[in-house]
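Participant: Before anything else, here's the structure in question.
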Amino acid sequence: MKVKKESMHFLRKGKVNGVNKNMFKKVLIANRGEIAVRIIKACQELGIKTVAIYSDVDKKAPHVQLADESVCLGDPTPIESYLNIPKIIKIAKDTGANAIHPGYGFLAENPDFAHSCNDIGIKFIGPSSKVISLMGDKIAAKKTMEKAKVPVIPGYHGVKQDNKSLIAEGKKIGFPLLVKAASGGGGKGMRIVYSESTLAEAIESAKRESKSSFGDDTVFLEKYIDKPRHIEFQILADEHGNVIHLFERECSVQRRHQKIIEETPSPVMTKELRKKMGDAAVAAAKAVNYTNAGTVEFMVDGNLNFYFMEMNTRLQVEHPVTEMVTGIDLAKWQLKISSGEKLSIKQKDLTQRGHAIECRIYAEDPEKGFLPSIGKLEKVEAPAGPNIRDDTGIYTGMKVTPYYDPMLAKIVTYAENREENINKMIWALSRYVILGVTTNISFLKNVLEHSAFKKGNITTHFIENHFKEGTVSKEGLPIDAIIALAVFDSMHKKSQDIVRYKEVDPHNPWKHVGRWRVSGEGGQ
Amino acid sequence: MFINYEHENSVYNVTTEKRDNNFYITYNNTEYKAEAEEIKPGQLKIKIGDRIVKAVITEGDKEKYVFVDGNVYKVKHVELTAKKKTRKKEEGNLNSPISGKVVDVKVKKGDKVKKGDVLMVIEAMKMEYLIRSPYNGKVKKVNFKEKDQIEIGEETVEIEK
C-alpha cells in the first residue's frame, strides 16, 4: 500500500555546508521520566530549544528542570495530562514549537495525535499517522506482512469477535494458544491459554483490559510458540525511501510479558540468520513506506525459525543497547529524519562492536508477583564507571505515584564480550542505591548470575521457569546489615534517648522538645 | 545499648557499645569488633577484622533502609520485648495488593465460592489484578462496587468458611 506524504509546508528543504538548515528550532517533548530526559539531551546537542510538559506530581521532575521551557498540565491522571491531546497541542502552539517528540508509551503510537499535530503544521516525530494506524491494528499488520512475504505466526485474526466464534477458532488452532488485544502492546490485554476450560475467562479478561487500555476490545488468537525468543530489529528509514536496519536486540527475559533485560548481539544469532532477519525487517518497513525509527519484533522458535510479531512505530525503551554497539544516536536521527534529512549511513557501513546489556529498574516487588510499589525515594545514587550509561528520571526525595509506569531508570553497560559485560552489569547493579521503594535490582542481579542466563539459554519463559515466587533470597537480615545498622545507631544516638524519656514518664513535656537547646548560650 | 530490629516479621536483638573508637556489636552470642567511619551522611565504611563492609543507610518516616552489597533491607525499631516473634503465616488474604480501580465484581452477597474463583478485578497502572478466593466458602460481604477506588491493603470481599 502507498502512504501519502504528509504536508511539509512548514519546513524549507536544504542543507548548506553540512548544516541542516531545516532543523527544528524548538521541540515539545510529550512525555515524562527518563525518555523525556533522553530526548531533551538529544535536542540540546543539536542546538534545538525544548519544551517540557508535566503534571502536578512531576513539578520537580528532571525533565522539567532540564528543558528550556516547561508548561504544567495540571491533574496527574494520564487522560488529563500526558494523554490529553488538545492540551498538549495547545501548549505546542502557544510555545511556538515546530515539532513534537512523543517518546514511547502515552501518545507515541496514537495515530489521532500524529494526525492532529501535522494538521496544524507541527511535525510529529515518528512515522505517518497512516502507518501508525496500520501497525497498531495487529490484524491488518499481519496481513500486510504476509503479502510482503515476511513470515507470520498461524492464528485467527478474523472479524467475528463473539465468544462462541473465538472459542471455536481457538480449538482449531489448538492449545496452548495466545489471546492478544488487537490494539495491544507491552503485554497489556494478553493471555496464554493452556486448555479449553480457561479459554472463555481469558477472552473476557483480555477484552476488558484492552477496552480500558486502548478503547478497543478486538482480540485475536494465535499459535503459541515453543521455546520462543523475542528478537527484534531496529530500523531507520528516511523520508526519501532509504531504509537500514541496525541489527538485533535479544529481549527474551520478560516478566508478565514485559521486557526487563535486553542485550545485543543475541547469544543465538548467526551471521546467516542476522542477514535473513535484517532483510525481512527492511522488507517489512518498505512494505508500508515506513519512515523514522521503528522496530520489527520477531518470535524465534527453538529451531531458529522466525515469525513477524509486530512493528513498534516509536523509539523503544531498549534503544540504548543498539546505540552502544553501533555508535549511532537513534534519538538524534529521529530528529534529523523528521526535519527532512537523508540517511547518510549505508547498511554496509554499519557494524556491531562488543556487547551491550540494558536492565530496567522498576519500582516493583519480585517477591509479590512483581506488583508495583509506590512511596518516596529516600535516597538515589547511580553507579558510574567506564561504559556504564544510566538513563534515569528519578532523584532523592521523589515520590513514586500510582499514576504512571513504575519504571524508574535503565542501566546500560557495554564491554568487549557478553561474559565480561554480564560481570560489569552485576558490578553496576550492586552499586545502584535506591532506598525507600522496593525495586527489582536484586532480582535483576539474580537473573544475570543464573547459569542458564550466562550460557545464553533464554526464552520468554525464562523467569517463570527459573524463578518461582520468592526465589529471591529470603534468608533474613545478613550479619553485615545488622552490624551496619548497629554502628549507625551508635553514631546517631538521639532517638534512643527520647525512648528513655517516654519510658520514665509518658506525660513528661521534655519528650517533645526534640532538638531544641535548653541553655541560653548562643540561643538561635 | 540494646536495639531490636524488625525485618520481615523477625526480630533481631542486638547490643552495641562504643569503646576506644571501636564499636562492639553483639548478635546471636557473637561479638564483632568494628572500626567505622561515616564517609558521607548515611554512608558507612566498616572494618570488621580484615573485611570491609560498605553500607548506605537512610531513615524514612517509620523505617530505616540499609543498602549492603546491592541488596536493600527495610527494618523497623521495635520496643524491647526481647522475645522473637513470628507472625502466623496467613492462609491467604482478600486484601487488595495495590491501590487502583475496581473494574469488575464477580460475586454478590450469599454466593458460594470455590478456592481459586475470581472475586474481583482491580486495575492499576493499566494492569489487571485478579482477587481470587483463598478457600471454599460463602460471600458474607462485598466491600466495593465497580468503578470504586480501592487502596492497598483494603479488604475486597469477606468470605465465611
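The values are calculated or read from the model by the stated rules, or taken from the named source; none is laboratory data. All values reported here derive from a predicted model rather than from experimental measurement. Ideal geometry is used to build each Cβ from the backbone, glycine not excepted, and the neighbour counts take in all protein chains shown.
Participant: Anything in region A:19-53 that is under 22 Å from A:ALA382 (Cβ atoms) and of a type in the set (Gly, Ala, Ser)? List them, or say none.
Facilitator: A:GLY33, A:ALA36, A:ALA42, A:ALA52
Participant: How many residues does region B:102-111 contain that are closer than 30 Å to A:LEU83 by Cα and more than 9 Å from chain A (Cβ to nearest Cβ)?
Facilitator: The number of residues fulfilling the criteria is 2.
Participant: Yes or no: region A:89-106 includes at least one residue that is touching an Asp or Glu at 6+ places or on another chain (Cβ under 6 Å) and buried (at least 18 other Cβ atoms within 10 Å of the Cβ).
Facilitator: no
Participant: Here is a further query. From the list B:LYS33, B:LYS109, which residue is at pLDDT 90 or above and farther than 30 Å from A:SER212 by Cβ?
Facilitator: B:LYS33
Participant: OK, next. Of the residues that make up region A:225-241, is at least one at pLDDT 95 or above, more than 20 Å from A:ILE328 (Cα to Cα) and crowded, with 22+ Cβ neighbours inside 10 Å?
Facilitator: For region A:225-241, residues at pLDDT 95 or above, more than 20 Å from A:ILE328 (Cα to Cα) and crowded, with 22+ Cβ neighbours inside 10 Å: present.
Participant: Report, by residue number, each residue of region B:87-98 that is modelled with pLDDT under 80 and either within 11 Å of chain A (Cβ to nearest Cβ) or touching a Gly at 6+ places or on another chain (Cβ under 7 Å) (or both).
Facilitator: Matches in region B:87-98: B:PRO97, B:ILE98.
Participant: Are any residues in region B:1-30 under 16 Å from B:TYR73 (Cα atoms) and facing chain A (nearest Cβ under 7 Å), and if so, which ones?
Facilitator: The answer is B:TYR5, B:HIS7, B:GLU8, B:SER10, B:TYR12.
Participant: When you look at A:SER212, is it without any contact (Cβ under 8 Å) to a residue 40 or more places away in the chain and either part of a loop (DSSP other than H, G, I, E, B) or of a type outside the set (Lys, Arg) (or both), yes or no?
Facilitator: yes
Participant: Of the numbered conditions (1) modelled with pLDDT under 95; (2) touching a Pro at 6+ places or on another chain (Cβ under 9 Å), A:TRP427 satisfies every one except a single condition; which is it?
Facilitator: (1)
Participant: Going by the conditions given, is A:ILE39 buried (at least 22 other Cβ atoms within 10 Å of the Cβ), among the β-branched types (Val, Ile, Thr) and closer than 23 Å to A:GLU341 by Cα?
Facilitator: Yes: the conditions hold for A:ILE39.
Participant: Let me ask another. Would you be able to tell me the number of residues in region B:112-138 that are more than 14 Å from chain A (Cβ to nearest Cβ), in a strand (DSSP E or B) and surrounded by fewer than 19 Cβ atoms within 10 Å (Cβ to Cβ)?
Facilitator: Matching residues across region B:112-138 total 3.
Participant: Taking the condition at pLDDT 95 or above and surrounded by 14 or more Cβ atoms within 10 Å (Cβ to Cβ), does A:GLU34 pass?
Facilitator: Values: at pLDDT 95 or above: yes; surrounded by 14 or more Cβ atoms within 10 Å (Cβ to Cβ): yes.
Taking the combined requirement at face value, the residue satisfies it.
So that you can scan it fast, the table gives a plain yes or no per residue for (1) within 14 Å of chain B (Cβ to nearest Cβ); (2) basic (Lys, Arg):
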residue: A:ILE357; (1), (2): no, no
residue: A:TYR362; (1), (2): yes, no
residue: A:ASP365; (1), (2): yes, no
residue: A:PHE370; (1), (2): yes, no
residue: A:ILE374; (1), (2): yes, no
residue: A:LEU377; (1), (2): yes, no
residue: A:ALA382; (1), (2): yes, no
residue: A:ARG389; (1), (2): no, yes
residue: A:THR392; (1), (2): no, no
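Participant: Out of (1) in the same structural domain as A:MET23 (by TED's automatic domain parsing); (2) under 21 Å from A:THR295 (Cα atoms); (3) outside any helix (DSSP H, G or I); (4) of a type outside the set (Gly, Ala, Ser), the odd one out for A:LYS60 is which?
Facilitator: Failing condition for A:LYS60: (2).
Participant: Filter region A:308-332 down to residues that are assigned to a loop (DSSP other than H, G, I, E, B) and either aliphatic (A, V, I, L, M) or farther than 15 Å from A:GLU358 by Cβ (or both), then give me how many there are.
Facilitator: Residues flagged as assigned to a loop (DSSP other than H, G, I, E, B) and either aliphatic (A, V, I, L, M) or farther than 15 Å from A:GLU358 by Cβ (or both) within region A:308-332 amount to 7.
Participant: In contact with a Leu (Cβ under 9 Å, 6 or more places away or on another chain) and either among the hydroxyl-bearing types (Ser, Thr, Tyr) or farther than 16 Å from A:VAL433 by Cβ (or both): does that describe A:THR396?
Facilitator: When the stated conditions are applied, A:THR396 passes them.
Participant: Which is within 26 Å of A:TYR54 (Cα to Cα), in contact with a strand residue (DSSP E or B) (Cβ under 8 Å, 6 or more places away or on another chain) and free of Cβ contacts under 8 Å to residues at least 60 places away in the same chain, of A:GLY96, A:GLY103, A:GLY189, A:GLY184?
Facilitator: Of A:GLY96, A:GLY103, A:GLY189, A:GLY184, the one residue that is within 26 Å of A:TYR54 (Cα to Cα), in contact with a strand residue (DSSP E or B) (Cβ under 8 Å, 6 or more places away or on another chain) and free of Cβ contacts under 8 Å to residues at least 60 places away in the same chain is A:GLY184.
Participant: OK, next. For a quick check of your reading of the model, give me the residue pairs whose first member lies in region A:132-154 and is of a type in the set (Gly, Ala, Ser), whose second is in a helix (DSSP H, G or I), with beta-carbon atoms closer than 7 Å and at least 6 apart or on different chains.
Facilitator: As it stands, the answer is A:SER133/A:PRO111; A:GLY136/A:PRO111; A:ALA140/A:LEU134; A:ALA141/A:LEU134; A:ALA141/A:MET135; A:ALA148/A:ALA283; A:ALA148/A:ALA284; A:ALA148/A:ALA287, since those pairs meet every condition given.
Participant: What helices (runs of 4 or more DSSP H) lie completely within region A:86-192 and have 2 or more residues being outside the structural domain of A:ASN31 (by TED's automatic domain parsing) and at pLDDT 90 or above?
Facilitator: Numbers: elements: A:111-119, A:129-136, A:138-147, A:163-173.
Where helices (runs of 4 or more DSSP H) fall fully within region A:86-192 and carry at least 2 residues being outside the structural domain of A:ASN31 (by TED's automatic domain parsing) and at pLDDT 90 or above, they are A:129-136, A:138-147, A:163-173.
Participant: Could you tell me which residue of region B:43-73 is farthest from A:ALA428 (Cα to Cα), considering only residues that are at the interface with chain A (Cβ under 7 Å from one of its Cβ atoms) and in a loop (DSSP other than H, G, I, E, B)?
Facilitator: The extreme case among them is B:GLY60.
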